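Undergrad: Starting off with a structure, shown below.
The values are calculated or read from the model by the stated rules, or taken from the named source; none is laboratory data. Quantities reported herein were computed from a predicted structural model and do not represent experimental measurements. Positions of Cβ are generated from backbone atoms using ideal geometry, with glycine treated the same way; all protein chains shown enter the neighbour counts. Note: accessible area is taken over every heavy atom of the protein model, side chains too, but ligands, DNA and RNA are not part of it. Shrake-Rupley method; radii C 1.70, N 1.55, O 1.52, S 1.80 Å.
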Amino acid sequence: MIEEKFMSVIIKPLVTEKMTRVTERFNNRYGFVVLPDANKYVIKQEVEKLYNVTVVKVNTARYSGKRKTRYTRAGVIKGRTNAFKKAIVTLKEGDTIDFYSNI
């Protein structure tokens with residue numbers, strides 16, 4: 001089980017074009033990249049504690065790393081993208097999260 005005292009389960013908020021479209025369509029849904037062993041209950045507690053909002057629902061999805069190949073002047077470079085777990089959090093009506101407030 002994850003020790004909540006020592007580390008956060010949320011790695012970073014998802015601010016991508018796809019997630020921005022979801023947030024614009026549904027005003028109370030936000031995405032986060034979380035630790036792979038985090039469960040929905042712990043994610044809910046962490047979001048409520050960090051952003052002072054009420055979480056109604058948490059959906060999670062695991063993404064596996066993909067192989068990538070690039071052809072360059074130096075030859076073929078092979079690599080791999082990172083595997084991660086995504087959590088889409090639905091908040092109570094009227095609650096919002098502003099990721100850009102401290103910029």
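Undergrad: In the stretch 20-37, how many residues are open to solvent by 60 Å² or more (accessible area, probe 1.4 Å) and in contact (Cβ under 8 Å) with a residue 40 or more places away in the chain?
TA: 4
Undergrad: Which condition does residue 17 not pass, out of (1) open to solvent by 80 Å² or more (accessible area, probe 1.4 Å); (2) touching a strand residue (DSSP E or B) at 6+ places or on another chain (Cβ under 6 Å); (3) of a type outside the set (Gly, Ala, Ser), if it passes all the others?
TA: (2)
Undergrad: Another question, if that's okay. Can you tell me which residue in the stretch 56-74 is nearest to residue 88 (Cα to Cα), limited to those that are open to solvent by less than 70 Å² (accessible area, probe 1.4 Å) and either at pLDDT below 95 or charged (D, E, K, R) (or both)?
TA: Selected residue: 65.
Undergrad: Where the second residue is assigned to a helix (DSSP H, G or I) and the first is open to solvent by less than 20 Å² (accessible area, probe 1.4 Å) and lies in the stretch 38-55, which pairs have Cβ atoms under 6 Å and are six or more apart or on separate chains?
TA: Within 6 Å, the pairs are 55/44; 55/47; 55/48.
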